[in-house]
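Beneath this line is the structure, given in structure tokens, with notes to follow.
The values are calculated or read from the model by the stated rules, or taken from the named source; none is laboratory data. As the structure is a prediction and not an experimental result, all values here were calculated from the model. Don't worry about glycine lacking a Cβ; one is built from the backbone with ideal geometry, like all the others, and counts go over all protein chains shown. The accessibility values were calculated without ligands, DNA or RNA, using every heavy atom of the protein model including side chains. Shrake-Rupley method; radii C 1.70, N 1.55, O 1.52, S 1.80 Å.
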Amino acid sequence: MFKRVIWIILDSVGIGELPDADLFGDVGADTLGHIFETIKDYNLPNMGKLGLGNIDGIAESIKKSDATDHDIISGSAKKLEPVGIYGKAKEVSAGKDTTVGHFEMTGIWTKQKFPTYPNGFPKEIIDRFIEESGIPGVLCNGVASGTEVIKQYGIEHEKTKKPIVYTSADSVFQIACNEDVYSPEELYRICMVARKILVGKNQVARVIARPFVDKNGVYTRTSNRKDFSVEPEDGNLLDVLNKNNINVWAVGKINDIFCGKGINKAVHIENNMDGVDKTLMLMNEMDKGLIFTNLVEFDSKWGHRRDVDGYSRGLVDFDNRLPEIISNLRDDDLLIINADHGNDPAYKGTDHTREYIPLLVYGKDIKEGINLGTRKSFADIGATVADILNVSKTKNGTSFKEEVMK
């Protein structure tokens, strides 16, 4: 009987284009494959031991690199006998972002795309936002890179106290402010005004607070980011666990994504490695339940900035911490590692990419080396967590519990 699930999301670590990638402008995207293709002698041995290199289609993708069979994630699919269970999952929902991905993996299918604003937000939205928030106006109001927009408008923002409002190809209303002009708490208040306004046909998936600091003219975003998502539907995994009095402890932006619904404890993190530290901390404290972690830097720091080197180093850093996570597992624990979408750092543009996600599962009391194949929906993962923790089914998804149990 399993008492705990440790569920870690490697935010944006996709493994190749989905069949409908053409509908999203993402033909040829392959986050992990392009990293292997770009970085010489690249290796992720610990995820490899769980079965990363054995996932259907990954070996072919990685063979585009210069790595030998021995170097490919600690051995090719033919040579390595993984101790974990492995597979990949397809996204059913109409989207390729954090909210849609996390909602689907907990059993919610998003059937209609959230609205996007390639030409900026309509005047009536901006005017109402200015009036109700009490700000002197906004800067930008267009599609922009988060790091570039603060460089471009930072000085004007400091002089005028006008927040920088921008969006992307995703359904987001982002507000950037210098922490010396608007404290994080003031920025959060402004974001909540925007969240209240952006409903109905203008219901964006997320309003995002993007605080930054100015150090001698160098603008840097801080870790005080906060997401204000649409509220998840009832019947999702976290809701089901909560109704059965099973703890859900959130690490990183999980709490923001789900608007705190169904979550008993939430901890903020500074970066990926802090996220691993906090996950280990909660593993020492929790008796029974779900520890749900999102490691966001793959997406926010390296994917959107198209930084292949940074992304590759981030994956190595996580891979190096994986033995520590595994050594802290109890006999009645199940470890699940997957992504929520792609964000190919070698691809065109700066936005998310529509990809399959990897799925790795490990426990001291489950089978080894089982290929889960291609799951029809991310929702299969949440359905399995519900099954493992012995609660009622989520709204969508097919559990693979019976395939992994000894």
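Taking all protein chains as they are arranged and a probe of 1.4 Å, the heavy atoms of Glu270 leave approximately 110 Å² accessible to solvent. Calculated on C-alpha atoms, the gyration radius of region 218-374 divided by its Kirkwood radius gives an Rg/Rh of 0.96.
In the context of the full protein assembly, Asp41 retains an accessible surface of approximately 90 Å², using a probe radius of 1.4 Å and ignoring ligands and nucleic acids.
Surface exposure of region 198-251, expressed per residue as accessible area with a 1.4 Å probe, stands at 43 Å². Report summary: the helix-based calculation at 222 nm, which adds -39500 (n - 2.57) for every DSSP H run with n ≥ 4 and divides by the residues of the chain, gives -9000 deg cm²/dmol.
Averaged over residues, the count of other Cβ atoms within 10 Å places the peptides 229-235, 103-109 in the sequence 103-109, 229-235, highest first. The length gained on full extension between Asp41 and Asn390, counted as 0.36 nm times the residue separation minus their Cα-Cα distance, comes to 121.3 nm. For region 302-398, the alpha carbon convex hull comes to 124 Å³ per residue, rounded to a whole number.
When DSSP beta bridges are restricted to pairs lying wholly in the chain, around 40% turn out antiparallel.
Here region 97-132 and region 338-354 have alpha carbon centers that stand 18 Å from each other. Once the mean of 1/r is taken over each pair of separate Cα atoms and inverted, the chain shows a Kirkwood hydrodynamic radius of 21.5 Å. Once the convex hull of all Cα atoms in region 174-250 is built, its volume per residue stands at 115 Å³. Rounded to the nearest 0.05, the FRET efficiency derived from the C-beta distance between Glu368 and Lys348 at R0 = 41 Å is 0.55.
Overall dimensions of region 142-205, expressed as equivalent-ellipsoid semi-axes from the Cα gyration tensor (√(5λ), whole Å, largest first), are 21, 15, 8.
Computed from point charges on the beta carbon alone (+1 for Lys and Arg, -1 for Asp and Glu), the dipole magnitude for the chain about its Cα centre is near 660 Debye. Think of a 1.4 Å ball rolled over the protein heavy atoms: region 76-186 then has 44 Å² of accessible area per residue.
Compactness of region 255-346 was expressed as the Cα radius of gyration divided by 2.2 N^0.38 Å, which yields 1.16.
Over region 126-178, the alpha carbon radius of gyration divided by the compact-protein estimate 2.2 N^0.38 Å works out to 1.07. Take the Cβ atoms of Glu81 and Asp287, set R0 to 30 Å, and the FRET efficiency comes out at 0.35. Split the accessible area of the chain by element, probe 1.4 Å, and carbon with sulfur accounts for 46%.
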